[in-house]
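Only one structure is covered here, and it is reproduced in the block below.
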Amino acid sequence: MPILDKIAAAKKIDELLRGVVTHGGLRLKYRITVNPPLVEERDWERPEILVELSGPDSPLLLERGGELLRGLELLAIEMLRLSGNEHEKICFDCMHQRALRIEELRMAASVAAEKVRSSGVPYAFAPMSSRERRVVHLALRDHADLRTESRGEGPRRCLVVYPKSSQTTAARTAPKTIP
Amino acid sequence: MTEQSGDVRTLVEQIAKALVDAPDQVSVNQIDGETIVFALRVAPDDVGKILGRQGRVARAMRSLLNAAGIRAHKRFALEITE
């Protein structure tokens, strides 16, 4: 279901970020785009509102794997009362961190695929958000000899790569972990 | 109260009011000290909205306060009560 009133949603995001800049004192600029053009090779990702942040305090947003950037995105999502399957309609980015992180995840996926292929042993990634797990799932979906599954709950939920032939999850095998 | 931390109190209040169902029951009390504490009080039914699943919303607000603290050369903390 699309966001019903995207302009009103964009205004709410603007209010949040104006507060962050004026009251929080962070030196940031931002641009909010409704219905942004799709990024090539990321056509499975279709945000309806894209927020691009920049400015001298960008490093504060990007520390610890973009913790504050993701935090601001989450605050916006919660303020707009979006349900779980609508979270991807809002995307916050800064200095192309999103594209870089996706590239990093794809490379990690391809390393994991090779390890599982050569060893026959399942491989578990460190816990990741649902969005990031999705990137890895999609990166490996065309590998006919492998399959991916998420397991664990909440913040510990992680993605595991299995050889296609291996039995389902369970705790029978202890997968290796990529930190 | 310095102007900067007063502004941060406003930011906490603004965000909390946007998150909850009962914005008129949001209050933020600032307790000055070595660490400046923002005691956020919301309606009992709204506490879950401020915390978020697995505490993610509260964590997001705390990382924002942390960044504002770095910018202001101060230490900010958030306390949530109903």
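If I go through the range A:1-37 residue by residue, how many of them are among the acidic types (Asp, Glu) and either in contact (Cβ under 8 Å) with a residue 40 or more places away in the chain or open to solvent by 100 Å² or more (accessible area, probe 1.4 Å) (or both)? Break it down stepwise before answering.
The first filter runs over the range A:1-37 and keeps only residues among the acidic types (Asp, Glu), leaving A:5, A:14-15.
Next cut, either in contact (Cβ under 8 Å) with a residue 40 or more places away in the chain or open to solvent by 100 Å² or more (accessible area, probe 1.4 Å) (or both) only: A:15.
Residues meeting the conditions: 1.
Mind checking which pairs have a first residue in the range A:106-129 that is outside the structural domain of A:Val160 (by TED's automatic domain parsing) and at pLDDT below 95 and a second that is aromatic (Phe, Trp, Tyr) and open to solvent by 60 Å² or more (accessible area, probe 1.4 Å), Cβ under 6 Å, 6 or more apart or different chains?
none
Among the residues of the range B:68-81 satisfying the criterion of being of a type outside the set (Val, Ile, Thr) and more than 18 Å from B:Val28 (Cβ to Cβ), which is most open to solvent (accessible area, probe 1.4 Å)? Give the derivation first.
Quick first cut of the range B:68-81, residues of a type outside the set (Val, Ile, Thr) only: B:68-69, B:71-79.
Adding the requirement that they be more than 18 Å from B:Val28 (Cβ to Cβ) leaves B:71, B:73.
Working: B:Arg71: 69, B:His73: 161 Å².
Checked the range B:68-81; the qualifying residue most open to solvent (accessible area, probe 1.4 Å) is B:His73.
Of the residues that sit in the range B:15-27 and are within 11 Å of chain A (Cβ to nearest Cβ) and of a type in the set (A, V, I, L, M, F, W, C), which one is surrounded by the most Cβ atoms within 10 Å (Cβ to Cβ)?
If we filter the range B:15-27 for residues that are within 11 Å of chain A (Cβ to nearest Cβ), which is where we start, we get B:15-21.
If we keep only those that are of a type in the set (A, V, I, L, M, F, W, C) as well, we get B:15-16, B:18-20.
Details: B:Ile15: 28, B:Ala16: 25, B:Ala18: 18, B:Leu19: 20, B:Val20: 20.
Here the answer is B:Ile15.
All but one of (1) at pLDDT 95 or above; (2) within 14 Å of another protein chain (Cβ to nearest Cβ); (3) over 9 Å from the mean Cα position of the chain (by Cα) hold for B:Val12; which doesn't?
It fails just one condition, (3).
Quick check on my filter: what residues within the range A:57-67 are more than 17 Å from the chain's Cα centre (by Cα) and open to solvent by less than 10 Å² (accessible area, probe 1.4 Å)?
Quick first cut of the range A:57-67, residues more than 17 Å from the chain's Cα centre (by Cα) only: A:57-60.
Result: A:Asp57, A:Ser58.
Of B:Leu64, B:Leu51, which residue is under 28 Å from A:Gly84 (Cα atoms) and either facing chain A (nearest Cβ under 9 Å) or surrounded by fewer than 13 Cβ atoms within 10 Å (Cβ to Cβ) (or both)?
Working: B:Leu51 fails: either facing chain A (nearest Cβ under 9 Å) or surrounded by fewer than 13 Cβ atoms within 10 Å (Cβ to Cβ) (or both).
Testing whether each residue is under 28 Å from A:Gly84 (Cα atoms) and either facing chain A (nearest Cβ under 9 Å) or surrounded by fewer than 13 Cβ atoms within 10 Å (Cβ to Cβ) (or both) leaves just B:Leu64.
State whether the residues of the range B:28-48 include one that is open to solvent by less than 70 Å² (accessible area, probe 1.4 Å), out of contact with any Cys (no Cβ under 8 Å at 6 or more places or on another chain), more than 22 Å from A:Arg18 (Cβ to Cβ) and free of Cβ contacts under 8 Å to residues at least 24 places away in the same chain.
There is at least one residue in the range B:28-48 that is open to solvent by less than 70 Å² (accessible area, probe 1.4 Å), out of contact with any Cys (no Cβ under 8 Å at 6 or more places or on another chain), more than 22 Å from A:Arg18 (Cβ to Cβ) and free of Cβ contacts under 8 Å to residues at least 24 places away in the same chain.
Looking at A:Glu48 and the list (1) surrounded by 14 or more Cβ atoms within 10 Å (Cβ to Cβ); (2) without any contact (Cβ under 8 Å) to a residue 60 or more places away in the chain; (3) over 15 Å from the mean Cα position of the chain (by Cα); (4) within 13 Å of chain B (Cβ to nearest Cβ), which single condition is not satisfied?
Here A:Glu48 clears every test but (4).
If only one of A:Ser54, A:Ser110, A:Ser119, A:Ser83 is over 12 Å from the mean Cα position of the chain (by Cα) and within 14 Å of chain B (Cβ to nearest Cβ), which one is it? Walk me through how you get there before you give the answer.
Values: A:Ser54 fails: within 14 Å of chain B (Cβ to nearest Cβ); A:Ser110 fails: within 14 Å of chain B (Cβ to nearest Cβ); A:Ser119 fails: within 14 Å of chain B (Cβ to nearest Cβ).
When all the criteria are applied, what remains is A:Ser83.
The values are calculated or read from the model by the stated rules, or taken from the named source; none is laboratory data. Please read all numbers here as calculations on a predicted model, not as lab measurements. Every residue, glycine as well, gets a Cβ built from its backbone with ideal geometry; the counts of neighbours run over all protein chains shown. Areas reflect the complete protein model, heavy atoms only, side chains present, ligands, DNA and RNA absent. Shrake-Rupley method; radii C 1.70, N 1.55, O 1.52, S 1.80 Å.
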